[in-house]
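Student: Quick one: structure below, then a few questions.
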Amino acid sequence: MTDNAKRSRTHFNGSHHPVVDFWRREVGGISPRSFSDRFSASENMVLRLEVYRKLAKHKGCVNTVSFNAQGDILVSGSDDRRVLLWDWELGNVKLSFHSGHSNNVFQAKFMPFSDDRTVVTCAADGMVRRASVLESGKVETVLLGLHQGPAHKLCTEPALISSTLVFDLRTQAPTELFTCQAVNPRRRHLEAAQLNAIAMDPRNSNLLAVGGMDEYARLYDIRRLHGDGSSRAADHFAPPHLIGDLHVGITGLAFSEQSELLVSYNNEFIYLFTHDMGLGSNPMTSPPEDERKDSVPMAYKGHKNVETVKGVNFCGPRSEYVVSGSDCGRIFIWKKKSGELIRVMEGDRYVVNCIEPHPHIPVLASSGIENDIKVWTSKAAERATLPDNIEMQRKRKPRGWMYRVSSPQELLAQLFFLQNRSRFSEDREEGEASSSSTGRELLDRILNFNDDDDEHVSDDGEDGVSRDDFFS
């Protein structure tokens, strides 16, 4: 039998035929693990995704969703400052508690090897906190550390790391790892690059990527950090055409199972970098743009990322797909290798910010501006097709948590950033229209700055930390 004939018996429309794979598994021709991976990676599963259940108990935007290692429990955090643990299959809340934060919870994750009894959180108040579920069912939360600005993301392996701080949970003492200095000379007036995203390489837990308010995703080797905050990034990644662009920043990062780095830019596209696309520790001395054209990253297009700080992710057992939310309230799914857009799903009335894949099966959890979480499973009777008009239809809504600055210092930083963006608008030939738009955005930030002074009181009745404590 020819190779083509063999492939035709095991493939259908370019992918493994599930019926043939099922038969091969039954006769021992394919291992159960390989069958499960092929099943989960099937494009057919992606095209049959639909909402399985809506989880609605939060009283604010849901900014974070994450599965435990087994995949049977989902943890979520919200603008209501509460953390909920869900039995997502049944739709029941297993546990609900106040996070201890004084502002919107941006991320909540289970700590590995904690029997799902330890949840770590970070928030707009800059705090990183640990919640411990006691045998009695009572929850105790403690402050681990405090950033100068909002703490958007954290990672939990091999240690708890939030932005530029690493925490030893035995002593609860934070240690500063590094400060991300501006690379572009025209950004040198900034004390440091504000960070929005952090990710750890699953194949090498010594490699840590961060991204924020400039065009560069920075890669650090934590074995080579000095411990005094002065360490430089081992590598930098940016699409050639965005280098020197003062208008873009990074909102989301993710590593694939193959150590590829996925980077989502605001008001731009999503890009996939391989390790050989790095610009080195000093990207200003990297090869000229003409020499970099042979290593242009794959781009994923079609979504809109302007209104909020959106994450980005892979799904599939071997990171076969790229997923992102959008300002149009939809979820976009692309094939990783080709960049082909294969699925667009309605995920929120306004904006989808978070999409989290299940660790073992083809299930997604998504959240956004609405107060609920949507769980997606491949149960649709028919395969979905792309809509005729994928152009974003803007849905107006009071701006989400990205625009609810949590301190006067952050307000000033954002105003300065916008003013700087206006100053260099002629570089992008935007002229008066850009200046006018930026002026309106400056005014919008000022008018919408909400500096409430509510104090937090924990579930235990203990006094929390007030805003005056942070900003006095």
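The values are calculated or read from the model by the stated rules, or taken from the named source; none is laboratory data. Source: prediction; values computed, not measured. Every residue, glycine as well, gets a Cβ built from its backbone with ideal geometry; the counts of neighbours run over all protein chains shown. For the accessible areas, the whole protein counts, side chains as well, though only heavy atoms, and no ligand, DNA or RNA atoms are used. Shrake-Rupley method; radii C 1.70, N 1.55, O 1.52, S 1.80 Å.
Student: Which of the residues that make up the range 342-389 are open to solvent by 30 Å² or more (accessible area, probe 1.4 Å) and within 16 Å of ASN305 (Cα to Cα)?
Tutor: Passing the criteria: GLU346, ARG349, TYR350.
Student: Any chance you could count how many residues in the range 321-341 are open to solvent by 10 Å² or more (accessible area, probe 1.4 Å), closer than 17 Å to SER256 by Cα and assigned to a strand (DSSP E or B)?
Tutor: Looking only at that region, the number is 2.
Student: While we're here: Considering the range 111-124 alone, what residues qualify as being more than 12 Å from THR156 (Cα to Cα) and open to solvent by 10 Å² or more (accessible area, probe 1.4 Å)?
Tutor: Passing the criteria: ASP115, ASP116, ARG117.
Student: Also, I was wondering about something else. Going residue by residue through the range 238-257, is there one that turns out to be part of a strand (DSSP E or B), open to solvent by 40 Å² or more (accessible area, probe 1.4 Å) and within 21 Å of LEU177 (Cβ to Cβ)?
Tutor: Step one: filter the range 238-257 for residues part of a strand (DSSP E or B), giving 250-255.
After this cut, where a residue has to be open to solvent by 40 Å² or more (accessible area, probe 1.4 Å) as well, the list is none.
So far as the range 238-257 goes, no, none of its residues is part of a strand (DSSP E or B), open to solvent by 40 Å² or more (accessible area, probe 1.4 Å) and within 21 Å of LEU177 (Cβ to Cβ).
Student: Return yes or no: is LEU208 surrounded by 17 or more Cβ atoms within 10 Å (Cβ to Cβ), modelled with pLDDT under 95 and part of a loop (DSSP other than H, G, I, E, B)?
Tutor: So LEU208 does not fit the description; no.
Student: Filter the range 334-369 for residues that are in contact (Cβ under 8 Å) with a residue 60 or more places away in the chain and of a type in the set (Ser, Thr, Tyr) and give the result.
Tutor: SER366, SER367
Student: Now for a different question. Residues to consider are GLY91, GLY100, GLY77, GLY137; find the one that is over 25 Å from LYS310 (Cβ atoms) and buried (at least 24 other Cβ atoms within 10 Å of the Cβ).
Tutor: GLY100 is the lone residue from the list that is over 25 Å from LYS310 (Cβ atoms) and buried (at least 24 other Cβ atoms within 10 Å of the Cβ).
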